[in-house]
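Working notes, beginning with the structure itself.
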Amino acid sequence: MKSGLSHRPIREWLLLLLAIVVVGGIVVPLWDIFGGLESREELARKWTPQRLTHLLLGPEQVVCYVCFVWAGLILLMRYREVLRQRTAFRMNLLPTETGARILPEDARPLLRKLDQLTGRRPYILANLIRLGLGKYAVAQSAPDVAEVVRNQADVEMSRLSATMATVHYLAWAIPAIGFVGTVRGLGGAFGAEAPTLEAFTAQAKDQLKIAFDCTLIALVLSLGLMFLLHLVQRAEETLVVDAQEYCQEHLLLRLYDPAGHPATWS
């Protein structure tokens with residue numbers, strides 16, 4: 001629905017690439033100047049395969065992976081549902097010809113056409129139109145239709161938000177699980193028993209690695225999940241807004257109101 005846009009879309013991904021280029025152009029030369037080969041070799045000695053195994057494959061990390069994958073699959077299905085919902089915009093559910101008007105006696109035929117085109121499959125756009133035409137067939141009042149469409153759009157937005165509760169819980173649970181591992185590691189560090197000071201220090205260092213590894217992995221996964229959650233929520237909210245805009249352009253502004261009241265959002 002590009003014709004209904006009232007502003008220029010911001011190319012966020014292009015701005016991200018520009019930010020990476022700018023930061024990379026500053027950081028990479030500084031890394032070469034001040035980091036040098038010695039720092040790279042030191043990193044290679046620290047991050048051995050054994051160290052990476054302990055970092056990535058702890059029990060808390062595995063639970064975090066399960067939560068992340070579960071939430072990711074939910075978000076994937078919801079995004080696929082958004083794409084399916086958008087096919088309704090290409091079904092010609094309402095007359096789009098210039099100057100076309102919708103009279104009260106047209107409401108019932110349009111409802112039958114809508115059910116035939118959608119096969120009564122659930123579409124947000126079709127539901128808004130169905131309720132609007134149904135109200136128009138009974139009340140023959142354009143303002144009443146606008147109120148019904150607006151209220152149903154609010155209901156759809158609330159439903160989308162409410163059904164995202166599981167993903168919100170998982171986004172909170174991942175860092176919480178990481179902190180559980182942190183507490184376990186700190187408890188092991190302070191509760192370590194060893195015959196010598198050197199042995200105690202070595203055991204404490206190993207437990208502290210567990211603590212910080214759990215926190216690191218959990219926070220990284222949480223950041224990634226919150227970004228995916230943001231993208232899907234924005235896609236769903238944009239879907240409802242576009243459905244309202246479609247109804248405004250092709251339904252409300254084309255209704256004939258015998259009383260002469262304009263069909264506007266109240």
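Every number here is computed from the coordinates shown, using simple stated rules; none is lab data. Everything numeric in this text was worked out from a predicted model, so none of it was measured. In this analysis, Cβ positions are derived from the backbone assuming ideal geometry, glycine residues included, and neighbour counts consider all displayed protein chains.
Observations on the model:
- Ranking of Phe68, Phe212 by count of other Cβ atoms within 10 Å, fewest first: Phe212, Phe68
- Ile74, Ile129, Ile102 arranged by Cβ crowding within 10 Å, fewest neighbours leading: Ile74, Ile102, Ile129
- Net +/- balance of residues flanking Arg112 in space, Cβ distance below 12 Å, scoring K and R +1, D and E -1: +2
- 5 angstrom amide H check on Leu255, placed H, neighbours 5+ away: Ile102
- Only the Cβ atoms of Lys and Arg (+1) and of Asp and Glu (-1) were treated as charged; on that basis the dipole of the range 56-254 about its Cα centre amounts to roughly 740 debye.
- Neighbourhood charge, 13 Å Cβ-Cβ cut-off, centred on His230 and excluding it, Lys, Arg +1 and Asp, Glu -1: -1
- Protection proxy ranking, peptides 15-21, 90-96, average beta carbon neighbours within 10 Å, highest first: 90-96, 15-21
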